[in-house]
Amino acid sequence: MAASKHLIALLRSHIAGDNEQFLSVAMQVAAHEARQGHGILAKQLRDLVDEARLPKVSRANRPVPFAQPKGELAALISASYSDTRLANMVLPTALEGRLRRIVTEQRQQHRLTKHGLHSRRKILLIGSPGSGKTMTATALAGELKLALFTVVLDSLITRFMGETATKLRLVFDAMLETRGVYFFDEFDAIGSRRAERNDVGEIRRVLNSFLQFLENDDSDSLIIAATNHPDLLDPALFRRFDDVIHYDMPDPSIAEGILKKRLSGFDVKGMHWKHIAETTCGLSQAEISRAADEAAKRAVLDDRIRVTRGDLSGAIAERKASAQH
Ligand SMILES: Nc1ncnc2c1ncn2[C@@H]1O[C@H](COP(=O)(O)OP(=O)(O)OP(=O)(O)O)[C@@H](O)[C@H]1O
Ligand SMILES: [Mg+2]
């Protein structure tokens, strides 16, 4: 154990905001532990100090930061990195298998191309709000250690005829240049918002150019489109995707998994999971996960690490009541 004087020195440097001094005290603690014959502990400390000294981006094992989208592209796509993995999601076995297959095919692309085969790259996700579509795109980017480029549909859809297609081209050109996960979220907005303006001709033009770009695209990037309203989409569009994946409402076993995962940092002894999970019927994955967070908040603010059955069932009932309004 580090002596109290080390702890005091650590706190002093922390308060002074002196990072270098902080790490240097940590190294002294490592040396102290090594002298005591605590080799593993000493190594752990040294490794942590080394990690802390790395520049921030490489610390999370992120790809070298590429230039952020510039010029007109900056308004069309927003870039982010994600540490989310598929293991953070609770998924039905078949769905998880399909998502893992995308990851494997992407990772093993070189082996497939050697035989003239293509990895799955163009994916359509269909599901109601809060069913995990955005989280899937984030998790795929995290698994593949690629940047997630979310296409900002609002700026893509312009008031001027013909311009939307030009902007789409910019996005598809970027896919060739920078490999990444390109996420067209709320994809149906292309259709519905145009319909509000009674501009049917332009909707058709935009969808057609998307189809064409999608068909011609042979970049290395992963293209993911997500929609809540598949009925708004032209059936021709579905055929252009390598995979069309449906997200269902969670059954009690998925609900139980999400609740347990969200509350894994808390004491949940004696929780009647099966019973609780059944009460979530009608709630989406997002609402279930939010109910778990609400229950955890009650415990935290009550100074407990134990989340009780009452916390959780109260939070679920509250979510259900607000879902009905
Ligand atoms: N399969 C899942 N496992 C664990 N948590 C999930 C899962 N699906 C969704 N969640 C939780 O719900 C939140 C919202 O999900 P997400 O944003 O992916 O839904 P969405 O389908 O994109 O919804 P929308 O159509 O409204 O955009 C996630 O951030 C996560 O906390
Ligand atoms: Mg979403």
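Mind telling me which of the residues Lys297, Lys274, Lys320 ends up being closer than 18 Å to Ser253 by Cβ, of a type in the set (Lys, Arg) and in a helix (DSSP H, G or I)?
When all the criteria are applied, what remains is Lys274.
Mind counting the residues in segment 242-270 that are crowded, with 17+ Cβ neighbours inside 10 Å, assigned to a helix (DSSP H, G or I) and touching a residue at least 60 places away in the same chain (Cβ under 8 Å)?
Qualifying residue count for the region: 3.
Might you check whether a residue that is at pLDDT 95 or above and either exposed (fewer than 13 other Cβ atoms within 10 Å of the Cβ) or in the same structural domain as Val152 (by TED's automatic domain parsing) (or both) occurs anywhere in segment 232-241?
The answer is no; no qualifying residue exists.
Across segment 277-293, what is the total count of residues that are part of a helix (DSSP H, G or I) and within 16 Å of ligand 1 (Cβ to nearest atom)?
10
Working carefully through the options Arg121, Arg85, Arg101, Arg169, find the one that is over 27 Å from Asp248 (Cα atoms) and of a type in the set (Lys, Arg).
After ruling out the rest, the residue left standing is Arg169.
Would you be able to tell me the number of residues in segment 78-90 that are touching a Gly at 6+ places or on another chain (Cβ under 9 Å), more than 16 Å from ligand 2 (Cβ to nearest atom) and closer than 16 Å to Lys261 by Cβ?
4
Enumerate the pairs (first residue in segment 217-229 and part of a loop (DSSP other than H, G, I, E, B); second residue anywhere and modelled with pLDDT under 90 and crowded, with 23+ Cβ neighbours inside 10 Å) with beta-carbon separation below 9 Å, excluding pairs fewer than 6 apart on the same chain, so at least 6 apart or on different chains.
If the second residue must be modelled with pLDDT under 90 and crowded, with 23+ Cβ neighbours inside 10 Å, no pairs are left.
Quick test of your reading of the structure: Thr279 fulfils all but one of (1) at pLDDT 95 or above; (2) in the same structural domain as Thr84 (by TED's automatic domain parsing). Name the failing condition by number.
(2)
Could you list, in sequence order, all residues of segment 271-283 that are buried (at least 21 other Cβ atoms within 10 Å of the Cβ) and among the polar types (S, T, N, Q)?
Answer for segment 271-283, where residues must be buried (at least 21 other Cβ atoms within 10 Å of the Cβ) and among the polar types (S, T, N, Q): just Thr280.
Do any helices (runs of 4 or more DSSP H) lying entirely in segment 84-159 carry at least 3 residues that are among the basic types (Lys, Arg), and which ones are they?
On the way: elements: 93-107, 109-113, 133-144, 153-156.
Result: 93-107.
Does Ala75 satisfy being more than 16 Å from ligand 2 (Cβ to nearest atom), at pLDDT below 95, over 19 Å from the mean Cα position of the chain (by Cα) and within 26 Å of Asp188 (Cβ to Cβ)? Give the derivation first.
Numbers: more than 16 Å from ligand 2 (Cβ to nearest atom): yes; at pLDDT below 95: yes; over 19 Å from the mean Cα position of the chain (by Cα): yes; within 26 Å of Asp188 (Cβ to Cβ): yes.
Considered against the rule, which asks whether it is more than 16 Å from ligand 2 (Cβ to nearest atom), at pLDDT below 95, over 19 Å from the mean Cα position of the chain (by Cα) and within 26 Å of Asp188 (Cβ to Cβ), Ala75 comes out as yes.
Is it true that some residue in segment 96-113 is under 19 Å from Asp243 (Cα atoms), within 13 Å of ligand 1 (Cβ to nearest atom) and without any contact (Cβ under 8 Å) to a residue 24 or more places away in the chain?
Yes, the conditions are met somewhere in segment 96-113.
Sort through Thr134, Thr93, Thr104 and tell me the only one that's modelled with pLDDT of 95 or more, within 16 Å of ligand 2 (Cβ to nearest atom) and of a type in the set (Val, Ile, Thr).
Thr134
The values are calculated or read from the model by the stated rules, or taken from the named source; none is laboratory data. It should be emphasised that the depicted structure is a prediction, and the values quoted were computed from it without experimental measurement. We place every Cβ from the backbone using ideal geometry, glycine too, and count neighbours over all the protein chains shown.
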